[in-house]
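Read through the structure below, which is laid out as structure tokens, and then see the notes.
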Amino acid sequence: MSESHGEPYNPAEITREEMPCDVLLVGAGPANLALAIRLKQLVASHNESAADDKKLDPQIYVIEKGAEVGNHQLSGAVMDPRGIEELMPDWREKGFPVEGDVGPGSADKMLKLGETSHKAIWVPPIMHNRGKVVVSLNKVVKWLAQQAESLGVNVFAGFAGAEVLYDGKRVLGVRTRDMGVNKWSEKKGEFMPGVDLKARVTVLGEGTRGSLAKHLIPKLELDKGRNEQVYQLGVKEVWKLGPKGQEKLKPGDVYHTMKWPLPKGVFGGGWIYGMADGMVSIGLVTGLDYKDPALDPHALFQKWKTHPFLKSLLEDGELLHYGAKTIPDGGYFSQPRLSADGVLLVGDTAGMLNAMRLKGIHLAIKSGMLAAETIFECLKDGDFSAQRLQRYQNAYETSWAKEELFKVRNFRQGFQRGEFFGMVNVALGFITGGRGLAGRLSAHADYREYHRLPGEGGTTKPVDKSNFDDKLTFDKLKDVYFSGSKHEEDQLCHLQVTQPDICVTRCTREYGNPCQHFCPANVYEMVPKAEGKGASPQLNREGEGKENAQGLVLKINASNCVHCKTCDIKDPYQIINWVVPEGGQGPVYTNL
Ligand SMILES: Cc1cc2nc3c(=O)[nH]c(=O)nc-3n(C[C@H](O)[C@H](O)[C@H](O)COP(=O)(O)OP(=O)(O)OC[C@H]3O[C@@H](n4cnc5c(N)ncnc54)[C@H](O)[C@@H]3O)c2cc1C
């Protein structure tokens, strides 16, 4: 008997409510929250001396796809306080959450790892962390959101921006995601249409690989003449240390590691940051420009923890939290243009990340502040034309944020040409103010970097899960449990495979379906056809469709997704389109 079908969902025919505001901020990360705070500060000081008819009272809306601000925030993090100090000089007195100060007595070391050895090596002063602070970014943004709300900013958590609204090439605002649509694109239960949020200016601060920015940037040609963006994937756990571990690591201690277990030619490294309350933040970043389609960054992270240095730290501790997220690290030459008609880009969405230092929080805050200063001038003059918004770009070009990124402008691209080239380029970069071996090195998008399988028919090497002992090392499913990630199963899949046939034909043959390996949350699996019913883009409602030569189809476990965006970046054919799920769903990160 065939299943009964519900009322078809046709987004074009839906009548939606409109909500106007002055400034719409998409994403409650440090960039947009700093923007909101700075704008309110400027308005308040303007209003102190302005005549009544010149006083300003802008409506500022922040929307955030996490159910609560901070739920989707994951970072290292050692924060350079330069940004927050500029935004709020009394940040410490106001209770900014610090896990530990990297003080004179703290460890601040770069370790070169061999399989069982470790050796501290010299690093240039730019990579020193003394005077910085260890933070948990999801605590930081919760605090920033409280500051913003106390100044009168409206923060709407649980609202995901699904679509940019345009008039030609002018951005008018953003439509939030419709709720109550089943996976077969039919209305179910209580259908709630998304709202059209219209603003005088919209700011995209979606973080890494923004699902709106990804389409907006090429549409408005903001990436014209720029390098392609490249990314790393950070896989992270927070542990509660036992007594032995707490003897070894104090809050504010900072270790970075290089080499083992990353395969030769793979960019990346590890971190160990001492937090408050006996916790430790550990993680491994892997450059997504790796070539082996069977490489599994999550498995590498697990292997990294078995190094004697890590093992001795963690052995009497316990896992508390897990998460993963990508990092845009192409640097200055990969940054898109920062403004267009009706829209500004801030933070990671604008590529504001210093890959050499693995730091972006201070730059995100600074970009938000610069954007706020431009918006404030627009508000005063009642002029939000593209020309006026362009002042944000000009302000950035003369700021310390640009100066910092310009000094490392060829850093990441150097390593795309091999480790030796990368190291020489870095050394020369120090002498030449960031120029290195060339005026501007090009960069290639990560998905272009794969080697094909030998013979194009072989199978990829599966990860040996017998190595995961459930004490020190965990498989992806166990780790996902510690991310708190949840999605309603019966909704339109937020991982859209636009050409499903390719997965079971060319992708199996040419690359062995790397999505099963690169995803750190076990979202993608190749399974026998019978197991894919209802969760495979190759199969229809009745479970019929095309399988690959081994009789397998792709199964998408969308509810596991931790919103890291790796699939959108590293899929070799660029046929996975990450879109926002219904608002409020996804990971529930704490202490990350
Ligand atoms: C593994 C890792 C380690 C790092 N380590 C460090 C470090 O040690 N020091 C440091 O300074 N920096 C570090 N960074 C970088 C730093 O975290 C980022 O540069 C910074 O968080 C960028 O801030 P943002 O506001 O641009 O974006 P984010 O902090 O990513 O915030 C973006 C927000 O937008 C929301 N959002 C996205 N799309 C939508 C949408 N369509 N609708 C509604 N909401 C949306 C997201 O849920 C998120 O809350 C690290 C990053 C990672 C991933």
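The values are calculated or read from the model by the stated rules, or taken from the named source; none is laboratory data. Owing to the predicted nature of the structure, the values given are computational and were not obtained by experimental measurement. Don't worry about glycine lacking a Cβ; one is built from the backbone with ideal geometry, like all the others, and counts go over all protein chains shown.
Which of the residues that make up the range 36-74 are hydroxyl-bearing (Ser, Thr, Tyr) and touching a residue at least 60 places away in the same chain (Cβ under 8 Å)?
Residues of the range 36-74 hydroxyl-bearing (Ser, Thr, Tyr): 45, 49, 61.
Scanning the range 36-74 gives a single hit, Tyr61.
Okay, residues lined up against (1) under 22 Å from Tyr396 (Cα atoms); (2) touching an Asp or Glu at 6+ places or on another chain (Cβ under 9 Å):
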| residue | (1), (2) |
| --- | --- |
| Pro8 | no, yes |
| Lys54 | no, no |
| Gly66 | no, no |
| Pro81 | yes, no |
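Does any residue of the range 125-134 turn out to be in contact with a Leu (Cβ under 8 Å, 6 or more places away or on another chain) and either free of Cβ contacts under 8 Å to residues at least 40 places away in the same chain or on the phi < 0 side of the Ramachandran plot (or both)? Break it down stepwise before answering.
Here is the first cut: in the range 125-134, the residues in contact with a Leu (Cβ under 8 Å, 6 or more places away or on another chain) are none.
No, every residue in the range 125-134 fails to be in contact with a Leu (Cβ under 8 Å, 6 or more places away or on another chain) and either free of Cβ contacts under 8 Å to residues at least 40 places away in the same chain or on the phi < 0 side of the Ramachandran plot (or both).
Of the numbered conditions (1) within 15 Å of the ligand (Cβ to nearest atom); (2) in contact with an Asp or Glu (Cβ under 9 Å, 6 or more places away or on another chain), Val343 fails exactly one; give the number of that condition.
Condition (2) is where Val343 drops out.
What are the residues in the range 66-87 that are within 28 Å of Lys198 (Cα to Cα), near the ligand (Cβ under 6 Å from one of its atoms) and out of contact with any Phe, Trp or Tyr (no Cβ under 7 Å at 6 or more places or on another chain), if any?
Filtering the range 66-87 for residues within 28 Å of Lys198 (Cα to Cα) gives 66-73, 87.
Still in the running and near the ligand (Cβ under 6 Å from one of its atoms): 66, 72-73.
Of everything in the range 66-87, just one residue is within 28 Å of Lys198 (Cα to Cα), near the ligand (Cβ under 6 Å from one of its atoms) and out of contact with any Phe, Trp or Tyr (no Cβ under 7 Å at 6 or more places or on another chain), namely Gly66.
Going through Lys248, Lys264 one at a time, which residue ends up being over 20 Å from the mean Cα position of the chain (by Cα) and either closer than 28 Å to Arg440 by Cα or not basic (Lys, Arg) (or both)? Give the derivation first.
Numbers: Lys248 fails: either closer than 28 Å to Arg440 by Cα or not basic (Lys, Arg) (or both).
Being over 20 Å from the mean Cα position of the chain (by Cα) and either closer than 28 Å to Arg440 by Cα or not basic (Lys, Arg) (or both) holds for just one of Lys248, Lys264, which is Lys264.
Residues to consider are Asp253, Asp223; find the one that is within 14 Å of the ligand (Cβ to nearest atom) and of a type in the set (Asp, Glu). Don't jump to the end; show me each part of the working.
Details: Asp223 fails: within 14 Å of the ligand (Cβ to nearest atom).
Within the list Asp253, Asp223, the selection yields Asp253.
Looking only at helices (runs of 4 or more DSSP H) that lie completely in the range 466-542, which have at least 1 residues being more than 30 Å from Leu310 (Cα to Cα) and either of a type in the set (S, T, N, Q) or within 20 Å of the chain's Cα centre (by Cα) (or both)? Can you show your working first?
Working: elements: 476-481, 508-511, 515-518, 529-532.
It comes to 508-511.
Give the residues of the range 75-117 that are among the acidic types (Asp, Glu) and in contact (Cβ under 8 Å) with a residue 24 or more places away in the chain, sorted by residue number. So that I can check it myself, show each step before the final result.
Taking the range 75-117 as the starting set, the residues that turn out to be among the acidic types (Asp, Glu) are 80, 85-86, 90, 93, 99, 101, 108, 115.
Answer for the range 75-117, where residues must be among the acidic types (Asp, Glu) and in contact (Cβ under 8 Å) with a residue 24 or more places away in the chain: Asp80, Glu86, Glu99, Asp101, Asp108, Glu115.
In this structure, is Leu314 modelled with pLDDT of 95 or more and under 21 Å from Glu404 (Cβ atoms)? Even if it seems obvious, please write down each step before you answer.
Values: modelled with pLDDT of 95 or more: yes; under 21 Å from Glu404 (Cβ atoms): no.
So Leu314 does not fit the description; no.
Quick one: count up the residues across the range 136-170 that are farther than 17 Å from Ile84 by Cα, more than 9 Å from the ligand (Cβ to nearest atom) and surrounded by 23 or more Cβ atoms within 10 Å (Cβ to Cβ).
The qualifying residues number 1.
In the range 543-580, how many residues are within 30 Å of Gly6 (Cα to Cα) and more than 29 Å from the chain's Cα centre (by Cα)?
Adding up the residues that qualify gives 6.
Does the range 31-47 contain at least one residue that is more than 7 Å from the ligand (Cβ to nearest atom), farther than 14 Å from Val346 by Cβ and outside any helix (DSSP H, G or I)?
Going through the range 31-47, the residues more than 7 Å from the ligand (Cβ to nearest atom) turn out to be 33-47.
Of the ones still in play, those that are also farther than 14 Å from Val346 by Cβ are 40-47.
If we keep only those that are outside any helix (DSSP H, G or I) too, we end up with none.
No: the range 31-47 contains no residue that is more than 7 Å from the ligand (Cβ to nearest atom), farther than 14 Å from Val346 by Cβ and outside any helix (DSSP H, G or I).
Pick from the range 230-250 the residues that are farther than 22 Å from Tyr332 by Cβ and assigned to a strand (DSSP E or B): which of them is nearest to the ligand (Cβ to nearest atom)?
By that ranking, first place goes to Lys236.
Among the residues of the range 269-299, how many are of a type outside the set (A, V, I, L, M), part of a strand (DSSP E or B) and buried (at least 23 other Cβ atoms within 10 Å of the Cβ)?
First, pick out the residues of the range 269-299 that are of a type outside the set (A, V, I, L, M): 269-271, 273-274, 277-278, 281, 283, 286-287, 289-293, 296-298.
With part of a strand (DSSP E or B) added as a condition, the list becomes 269-271, 273-274, 281, 283, 286-287.
This time we only want the ones that are buried (at least 23 other Cβ atoms within 10 Å of the Cβ), so: 270, 273-274, 281, 283, 286-287.
Looking only at that region, the number is 7.
Of the numbered conditions (1) surrounded by 13 or more Cβ atoms within 10 Å (Cβ to Cβ); (2) farther than 30 Å from Arg200 by Cα; (3) among the charged types (D, E, K, R), Glu86 fails exactly one; give the number of that condition.
Here Glu86 meets the rest and fails (2).
Look through the range 143-202, keep the residues that are within 26 Å of Ala386 (Cβ to Cβ) and among the hydroxyl-bearing types (Ser, Thr, Tyr), and return whichever of them is farthest from the chain's Cα centre (by Cα).
Tyr166
For the range 305-315, state whether one or more residues are farther than 16 Å from Trp239 by Cα and within 11 Å of the ligand (Cβ to nearest atom).
Taking every residue of the range 305-315 in turn, none turns out to be farther than 16 Å from Trp239 by Cα and within 11 Å of the ligand (Cβ to nearest atom).
Is it the case, given these coordinates, that Asn591 is part of a strand (DSSP E or B), at pLDDT 95 or above and either within 16 Å of the ligand (Cβ to nearest atom) or not charged (D, E, K, R) (or both)?
Numbers: part of a strand (DSSP E or B): no; at pLDDT 95 or above: yes; either within 16 Å of the ligand (Cβ to nearest atom) or not charged (D, E, K, R) (or both): yes.
In short, no.
Of everything in the range 131-170, what is among the β-branched types (Val, Ile, Thr) and assigned to a helix (DSSP H, G or I)? Give them in sequence order. Before the answer, list the steps.
Initially, the range 131-170 is screened for residues among the β-branched types (Val, Ile, Thr), giving 133-135, 140-141, 153, 155, 164.
Result: Val140, Val141.
Please work out which one of (1) aliphatic (A, V, I, L, M); (2) more than 20 Å from Met110 (Cβ to Cβ); (3) away from the ligand (no atom under 15 Å from the Cβ); (4) surrounded by 21 or more Cβ atoms within 10 Å (Cβ to Cβ) is the condition Leu320 fails and give its number.
The one condition Leu320 does not meet is (4).
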